[in-house]
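Shown next, in structure tokens, is the structure this report addresses.
Throughout, read-outs are computed from the coordinates displayed, never taken from laboratory work. Predicted model, so just to flag it, every value in this text is computed and none were measured. All Cβ positions, even for glycine, are placed from backbone atoms using ideal geometry, and neighbour counts span all protein chains on display.
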Amino acid sequence: MYQIIDGKKISQEIKDELKEKVAGLKEQGKNVALAVIQVGNDPASSVYVNNKKKACAYIGIESLAYELPEETTEQELVELVEKLNADDKVNGILVQLPLPKHINEETIIQTISPKKDVDGFHMQSVGALCVGAKGYVSCTPLGIIELLKRSGIEIAGKHCVVIGRSNIVGKPMALLLLRENGTVTVCHSRTQDLKEITGQADILVVAIGKPKFVDETYVKEGAVVIDVGIHRNEQNKLCGDVDFDRVAPHTSAITPVPGGVGPMTIAMLMNNCVSSVE
Ligand code: GUN
């Protein structure tokens, strides 16, 4: 029988731990505040932003919401971020992505002070992760490490295969697994003989962005499979990058969609906000 890794339950445990920590900080007179910026009203972004605000309220983090119109210029957004960088009452800054096409995301990400970069997207944060220095780490891969650890899954010495090389998930995922002493292979859209490589994985992390792409022919018997994808199918039902029903019986542990990796991203964002004050 395989273990279903329950991200909903684990993220709830983390949020409860953080709630206690925030209460402790408040007793010392320390407030935790996160600025959340959304430009335009992309419906998916609005859902994510609302979930982030709700999580802040639950834990006791103050959320400062900036809902800017679609026509906001890059310069206006840069000025807002600079103002928040200089504001001692703001501990973390989150700019929800994607931004409207006329705004260069990279410019905005690099404007956020690394001290307040709770998303872990700034070059300095990524560089720190790469050399093993202190810094914020991207929330989704950090959440995956936490899922593995809290599910009693050993990483050290294991062959960890990551499919996907994005700056937000694939690359930091590979670096984190390496930090945990895994043996890491990164695959991507140009990889040849993908199945041959994924078939060697003890831990397979799938962040490919294609619904139900990975079936049982990609997976070694008894592997741990982590699904980062989230899609809506024709019946409006959520599914991941992994065909859960076909793959799960061949694994020792697997994350479901929904209720696997997704809830961990917000829990780790909250974790990063609290550590910005600690
Ligand atoms: N859009 C999708 N995921 C994320 C995330 O983790 N952070 C931000 N800022 N925007 C996103």
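For the stretch 25-84, run through the trypsin sites (Lys or Arg not before Pro) and keep only the ones in DSSP coil with at most 14 other Cβ atoms within 10 Å of their Cβ.
Lys30
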Cross-link pairs Lys15/Lys220; Lys89/Lys149; Lys15/Lys89; Lys21/Lys149; Lys19/Lys89 - those with Cα-Cα distance over 24 Å: Lys15/Lys220; Lys89/Lys149
Return a whole-number percent for the relative contact order of the stretch 146-251, with Cα pairs under 8 Å and 6 or more residues apart as the contact set. 23 percent
Taking the DSSP beta bridges in the chain as the whole, what percent of them are antiparallel, to the nearest 5? 5 percent
For the stretch 114-189, compute the orientation-averaged projected area of the C-alpha convex hull (one quarter of its surface), in nm². 4.9 nm²
The ³J(HN,Hα) series, computed from each phi in the stretch 110-119 with the Karplus coefficients 6.51, -1.76 and 1.60 at θ = phi - 60°, rounded to the nearest Hz and given as x for glycine or proline, is 6, 7, 5, 4, x, 5, 10, 7, 5, 7
The chain: Kirkwood hydrodynamic radius (Cα pairs, Å) comes out at 19.4 Å
Tell me the relative contact order for the stretch 1-106 as a rounded percent, counting alpha carbon contacts under 8 Å between residues six or more apart. 34 percent
Note the full-extension length gain between Lys9 and Asn181 as 0.36 nm times their separation in residues minus their Cα-Cα distance, in nm to one decimal. 59.3 nm
Exposure-ranked with fewest Cβ neighbours within 10 Å first, Thr140, Thr73, Thr183, Thr111 stand as Thr73, Thr183, Thr111, Thr140
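Given the stretch 109-264, what percent of its DSSP beta bridges are antiparallel, to the nearest 5?
10 percent
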Quick check: the distance between the Cα centres of the stretch 49-69 and the stretch 231-278, to the nearest angstrom? 21 Å
Residues in the stretch 209-234, backbone N under 18 Å from the label point at Asn50 (7 Å along the Cα-to-beta-carbon vector): list them, ranges by number please. 232
If I take R0 = 41 Å and measure r between the Cβ atoms of Gln75 and Tyr2 in this structure, what FRET efficiency does the formula 1/(1 + (r/R0)^6) give, to the nearest 0.05? 0.20
Size of the dipole of the stretch 3-85 about the Cα centre, Lys and Arg at +1 and Asp and Glu at -1 on the beta carbon, nothing else charged, in debye to 20? 580 debye
Amide H to amide H, which residues 5 or more places from Gly260 or on other chains are under 5 Å from it, using H placed in the peptide plane? Gly7
Using a cut-off of 20 Å between alpha-carbon atoms, which aspartates and glutamates can reach Lys116, once sequence neighbours fewer than 8 places away in the same chain are excluded? Glu62, Glu67, Glu74, Glu76, Glu79, Glu82, Asp87, Asp88, Glu105, Glu106, Glu278
Just to be sure I understand: of the beta bridges DSSP finds with both ends in the stretch 26-155, what percent are antiparallel, rounded to 5? 0 percent
Just flag the GluC sites (Glu not before Pro) in the stretch 193-273 sitting in loop per DSSP whose Cβ has no more than 12 other Cβ atoms within 10 Å. Glu221, Glu234
For a label point 7 angstrom out from the Cα of Asp16 toward its Cβ, which stretches of the stretch 144-160 have the backbone nitrogen within less than 18 Å? 147, 150-152
Electrostatic dipole magnitude of the stretch 111-187 [Cβ: Lys, Arg +1; Asp, Glu -1; Cα centre; debye, to 20]: 80 debye
Which helices, taking whole DSSP H runs in the chain, have alpha carbons extending 15 angstrom or more along the helix axis plus mean Kyte-Doolittle at least -1.0? 43-59, 74-85, 139-150, 262-277
Listing Leu178, Leu18 by rising number of other beta-carbon atoms within 10 angstrom, fewest first, gives Leu178, Leu18
Amide H to amide H, which residues 5 or more places from Ser166 or on other chains are under 5 Å from it, using H placed in the peptide plane? Lys171
Sequence-distant or interchain residues sharing an amide H contact under 5 Å with Leu64, placed H: which? Leu34, Ala35, Val36
The exposure ranking of Leu147, Leu194, fewest beta-carbon neighbours within 10 Å first, is Leu194, Leu147
Among Gly7, Ile112, Asn85 the positive-end extreme of the charge dipole of the stretch 1-132 (Cβ point charges): Gly7
Hey, which aspartates and glutamates would be in cross-link range of Lys195, C-alpha to C-alpha under 18 Å, not counting anything within fewer than 8 residues on its own chain? Asp215, Glu216, Glu221, Asp227, Asp241, Asp243
For the chain, with only Lys/Arg (+1) and Asp/Glu (-1) charged at the beta-carbon, what is the dipole magnitude about the Cα centre, in debye rounded to 20? 440 debye
